[in-house]
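Encoded as structure tokens, the structure appears first; notes follow it.
The values are calculated or read from the model by the stated rules, or taken from the named source; none is laboratory data. Treat the numbers as computed from the prediction; the structure is a model and nothing was measured. Note: ideal-geometry Cβ built from the backbone for every residue, glycine included; neighbour counts use all protein chains shown. What goes into the accessible areas is simple: the full protein's heavy atoms, side chains included, and nothing from ligands, DNA or RNA. Shrake-Rupley method; radii C 1.70, N 1.55, O 1.52, S 1.80 Å.
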Protein chains: 2
Amino acid sequence: MSKISPKAERRERIIESALKIFAEKGFQDATISEISKAAGVSDATVYEYFNSKEELLFTIPEDITVETIRETERVMPFLRGAESKLRAIVQSYVTIYEQNPEYANLIMLHLKTNRNFLRTRAFEVVRDAARMLLECIKEGIETGTFRKNTDPYLVRSIILGTIEHLCTRKHLQGQPENMLSQVDPMVDLILSGIRAPQEQQNISIHLHMTGTAKAPETITIVPEERKP
Amino acid sequence: MSKISPKAERRERIIESALKIFAEKGFQDATISEISKAAGVSDATVYEYFNSKEELLFTIPEDITVETIRETERVMPFLRGAESKLRAIVQSYVTIYEQNPEYANLIMLHLKTNRNFLRTRAFEVVRDAARMLLECIKEGIETGTFRKNTDPYLVRSIILGTIEHLCTRKHLQGQPENMLSQVDPMVDLILSGIRAPQEQQNISIHLHMTGTAKAPETITIVPEERKP
DNA sequence: TGAATAACAGAGTGTGACTATGATATAACC
DNA sequence: GGTTATATCATAGTCACACTCTGTTATTCA
């Protein structure tokens, strides 16, 4: 019973060929004939599985996106604090895009800017992932890790926007070579932009008193008001 | 001699109609017939001004992009310091996109992810704008306003990525309503992520000594080493 | 007014998405 | 194993649209 039904297997082959060819030539320049040939099926068969070229395009990211989110969700419970969670989410995004360049190509160059994609099952999953990120930011604000006046939606836009920009840039211009090495600098930068100001306790002052006079009875230290 | 040549005027009309229709229906779904009809010329005439539908698309952003950059460059000399310059550049980007929604639509949904657009005159100008932003970040690092270990390319990606994300989101999902109101929070957040740590001098400590004993001869204050 | 140029309508080509059909192969079930 | 149901196939055909070609008409400019 471990045998996959031949129908599902054929469908899988079409999707894989489509991914490869769409990523290589772009959605518009790729033809159904090429895809069906690469998958070893006839043109007509493609249309028995998918109603249109666009529907085929939209089906491609489903599995991999769902799998990614699941994996990230599995890691979450092991992390403590908004900062580590946020870092993990960003790392997870970038890892997927780094490890599946064709998938990344499709998402960044063909799906992200497609109106119809918004009405898609795969997009639902993408939206869930974005929600997870948002929750994490909100958690940081509530627990006092992040500034109280932080706009969580803006922070999310900054994070997603940066990832998308890096990814698009990589696929069009070949830079940066390695996106994963950008994760920590990027997260550090954003975190230090939204972290609540440190409590005074981490500044310790040592008073070395020299001389012959005895110490005064009390010393009061009054820190200046912090400028916002 | 203030009369524009009828040829240039006709060309202008075609470009304007194309902008409108591309933004409304998307590049693929718009047809040359619609555009020529809207411009009041024949299909054949369109091909006398532009070699292809795509060349027409690429020509649209030329003027407005050049004009925008010039305007921003004109303001620059009046600004002192990397922070104000950076803020001005971001504001200038967002203003253009806010004031020219059709142009923004085209850039974000159809040009930014087009390989051929990279070989375009209009893209040259876009690249110049990105360079200006980069120079400004580098200046901030050199003058000590920003952290020494800041990666200027990463900061630029964060800024451009965020703007693009906000803009794409607005055009696909209608949010945020007003992007200009996001400029200051966004710039503030990024600045506080890259600003060099404040010198100790802004922390002043008042020692109130009470009691009868005389003050000691010297007091040495040794601040703890900052954690990076 | 006359010569050069631009714009035109309309017919024609090629490509590629998608449909329809009937024949053939494959799977499923008794 | 044989029969039925289902998938797959090749093929031919439709349609929309980008783009070309041609000869005619309108505009511009001297």
Descending Cα extents along the principal axes, region A:19-85, whole Å: 52, 23, 18
Shape category assigned to region A:148-187 from the gyration tensor of Cα positions, a/c cut at 1.5: oblate
Rounded accessible area of A:GLU71 (nearest 10 Å², 1.4 Å probe): 100
Cβ neighbours within 10 Å from other chains - mean over A:162-169: 6
Accessible solvent surface per residue of region A:6-58, calculated while the other protein chains remain in place, 1.4 angstrom probe, Å²: 55
Zero-based 10 Å bins, Cα pair distances in region A:1-119, whole percents: 12, 37, 30, 15, 5, 0
Inter-label distance, nm, simple model (7 Å from Cα along the C-beta direction), B:GLU24/B:ARG131: 3.8
Difference of contour (0.36 nm per residue) and Cα-Cα distance, B:VAL66 to B:THR95: 9.0 nm
For region A:184-199, residues shielded by at least 50 square angstrom of accessible area compared with the chain on its own, probe 1.4 Å: A:LEU189
Set of aspartates and glutamates with alpha-carbon distance to A:LYS20 below 14 Å, sequence-local pairs under 8 removed: A:GLU12, A:ASP29, A:GLU34, A:GLU102
Debye intensity ratio I(q)/I(0), log10, region B:6-58, q values 0.13, 0.16, 0.18, 0.27 Å⁻¹ (C-alpha model): -0.24, -0.36, -0.46, -1.09
Largest-first principal axis extents, alpha carbons of region A:80-139, Å: 36, 25, 15
Accessible area buried at the A-B interface, both sides summed, 1.4 Å probe (Å², nearest 100): 4800
For region A:106-151, average projected area of the Cα convex hull in nm²: 4.1
Region B:9-133, accessible surface, carbon-and-sulfur percent (1.4 angstrom probe): 49
Of A:LYS138/A:LYS170; A:LYS138/B:LYS138; A:LYS112/B:LYS138; A:LYS25/A:LYS112, those spanning more than 28 Å from alpha-carbon to alpha-carbon: A:LYS138/A:LYS170; A:LYS138/B:LYS138; A:LYS112/B:LYS138
Heavy atoms of B:LEU19 accessible to a 1.4 Å probe, total area in Å² rounded to 10: 40
Reduced Cα scattering model of region B:60-197, Debye log10 I(q)/I(0), q = 0.10, 0.18, 0.20 Å⁻¹: -0.33, -1.07, -1.28
